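The structure's right below; bear with me while I get my questions together.
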Amino acid sequence: MQFETFGVVGLFVSAFISSTIAPGGSEAVLAYLVNSREYAVEQLVAVATVGNTLGALTTWWLGLWAAKKYPAETALSEKQRNSLRTVRRWGSWTLLFSWLPVVGDGLCFAAGWLKLSLFSSIAAIFFGKALRYIAIAYAFI
């Protein structure tokens, strides 16, 4: 594998991992690659957004799976129940904020738990994450 390809693949992996339960630093990887000027900014933003969105959808799916096995009132902590209430109130719109550290994972999990529309969930997650990566990329040009 060529080094240039590894940079983009590394960004994808970092973005995916950053959007699941595990912590990650996809913003730093994106900033580094933008500063390297070896890649088109649009390509980097697209790769980071897709990776981060797929990671968030993994968390959404885990919420859907968990809802089948455990009732919300008995299985969740108070913090998790708060996320559930917020998502129940605002629906898929809350997923525009899925990029937020710590809180975003809970929102995606709650959206899956509540069985929100997959299509509207993908759209909101993708849009919110794309705006964040665009802002980060252009801050480092």
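The values are calculated or read from the model by the stated rules, or taken from the named source; none is laboratory data. Please read these numbers as outputs of a predicted model, since none were measured by experiment. Cβ sites come from the backbone with ideal geometry, for glycine too, and all protein chains shown count toward neighbours.
Restricting attention to the stretch 76-119, and to residues there that are modelled with pLDDT of 85 or more and of a type in the set (S, T, Y), which single residue is farthest from S18 (Cα to Cα)?
Among those residues, the one meeting the criterion is S117.
Here's a follow-up. Among S120, S98, which is closer than 19 Å to V50 by Cα, touching a Lys or Arg at 6+ places or on another chain (Cβ under 8 Å) and touching a residue at least 24 places away in the same chain (Cβ under 8 Å)?
Every option except S98 fails the conditions.
Still on this model: Here are some residues: A67, A31, A15, A56. Which one is within 20 Å of F119 (Cα to Cα), of a type in the set (G, A, S), modelled with pLDDT of 90 or more and in a helix (DSSP H, G or I)?
Exactly one residue qualifies, and that residue is A56.
Listed here are the residues, each with its yes/no results for (1) part of a helix (DSSP H, G or I); (2) modelled with pLDDT under 90; (3) among the hydrophobic types (A, V, I, L, M, F, W, C); (4) at positive phi.
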position: T74; (1), (2), (3), (4): yes, yes, no, no
position: I125; (1), (2), (3), (4): yes, no, yes, no
position: G128; (1), (2), (3), (4): yes, no, no, no
position: R132; (1), (2), (3), (4): yes, no, no, no
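Can you tell me which residues in the stretch 115-134 are farther than 13 Å from W93 by Cβ and hydrophobic (A, V, I, L, M, F, W, C)?
L118, F119, I122, F126, A130, L131, I134
Taking the residues in the stretch 98-120 that are touching a helix residue (DSSP H, G or I) at 6+ places or on another chain (Cβ under 6 Å), part of a helix (DSSP H, G or I) and not aliphatic (A, V, I, L, M) as candidates, determine which candidate is nearest to G25 (Cα to Cα).
Residue satisfying both the conditions and the ranking: D105.
May I ask you to verify whether G104 is in contact with a Phe, Trp or Tyr (Cβ under 6 Å, 6 or more places away or on another chain) and either of a type in the set (D, E, K, R) or closer than 23 Å to V13 by Cβ (or both)?
No: the conditions fail for G104.
Search the stretch 46-70 for residues that are on the phi < 0 side of the Ramachandran plot and in contact (Cβ under 8 Å) with a residue 60 or more places away in the chain and pair each with any residue that is assigned to a helix (DSSP H, G or I) and of a type in the set (S, T, Y) when their beta-carbon atoms are under 7 Å apart and the residues are at least 6 apart or on different chains.
Pairs that qualify, where the first residue is on the phi < 0 side of the Ramachandran plot and in contact (Cβ under 8 Å) with a residue 60 or more places away in the chain and the partner is assigned to a helix (DSSP H, G or I) and of a type in the set (S, T, Y), are A48/S26; A48/Y133; T49/Y133; N52/S18; N52/S26; W60/S121.
Can you find a residue that is among the acidic types (D, E), farther than 19 Å from F127 by Cα and surrounded by fewer than 21 Cβ atoms within 10 Å (Cβ to Cβ) anywhere in the stretch 74-93?
Looking through the stretch 74-93, at least one residue is among the acidic types (D, E), farther than 19 Å from F127 by Cα and surrounded by fewer than 21 Cβ atoms within 10 Å (Cβ to Cβ).
Could you please let me know if K115 is surrounded by 17 or more Cβ atoms within 10 Å (Cβ to Cβ) and among the basic types (K, R)?
no
Return the residues of the stretch 34-53 that are farther than 25 Å from L118 by Cα and in contact with a Lys or Arg (Cβ under 9 Å, 6 or more places away or on another chain); say none if nothing qualifies.
Those that are farther than 25 Å from L118 by Cα and in contact with a Lys or Arg (Cβ under 9 Å, 6 or more places away or on another chain): none in the stretch 34-53.
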